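Written out below as structure tokens is the structure these notes cover.
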Amino acid sequence: MLNVIVIVLLISGLIFYTGAAVGILRLPDFYTRLHAAGKMDTLGSLLMVLGVALFNLHDFLWTQFISSLKIVLILLFLFILSPTATHGIVDAGVRAGLKPWTKEQKK
């Protein structure tokens, strides 16, 4: 049963990563591309890292529990850093003078 949950989490994370890649390629400007990448990447990372942490607990030994706890702490660190990095990149785009896309503009 645990293996099925792990597979579902990993495939779901892969779907979100694929959505982020499609968003980067299809969206019209810097800000919308970064929004897609930032949101989808964070959720994809959550699902995949939780899948890895659960897979690590297959025997539920103390050392595996500590390893899974470290994996979850890395995930929390990622949740702090990913939005912060996205905000910093958007701020750099604003300072560089990048204008948001409007409907009147062509792609």
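Values quoted throughout were computed directly from the atomic coordinates according to the rules given, and no laboratory measurement underlies them. Note that the structure is predicted; figures quoted are calculated from it, not measured. Note that we place each Cβ from the backbone using ideal geometry, even for glycine, and neighbour counts take in every protein chain shown.
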Any aspartates and glutamates whose Cα falls less than 16 Å from that of LYS103, other than same-chain ones fewer than 8 residues away, would be ASP29
Labelled set (1) -0.78, -1.01, -1.17, -1.22; (2) -0.63, -0.98, -1.28, -1.38; (3) -0.90, -1.18, -1.35, -1.40; log10 I(q)/I(0) by the Debye sum over Cα atoms at q = 0.16, 0.20, 0.23, 0.24 Å⁻¹ computed from this model equals the value at (1)
Applied in sequence order to segment 9-22, the curve 6.51 cos²θ - 1.76 cosθ + 1.60 (Karplus, θ = phi - 60°) yields integer Hz couplings, x standing for Gly and Pro, of 5, 5, 5, 4, x, 5, 5, 5, 5, 5, x, 5, 5, 5
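Report, in deg cm²/dmol and to the nearest 500, the calculated mean residue ellipticity at 222 nm for the chain, where each DSSP H run with n ≥ 4 adds -39500 (n - 2.57) and the sum is divided by the residue count.
Working: 3 runs with 87 residues, N = 107.
After summing the helix terms and dividing by residue count, I get -29500 deg cm²/dmol.
Go through segment 8-107 and name the chymotrypsin sites (Phe, Trp or Tyr not before Pro) that are in a DSSP coil and have 14 or fewer other Cβ atoms within 10 Å of their Cβ.
PHE60
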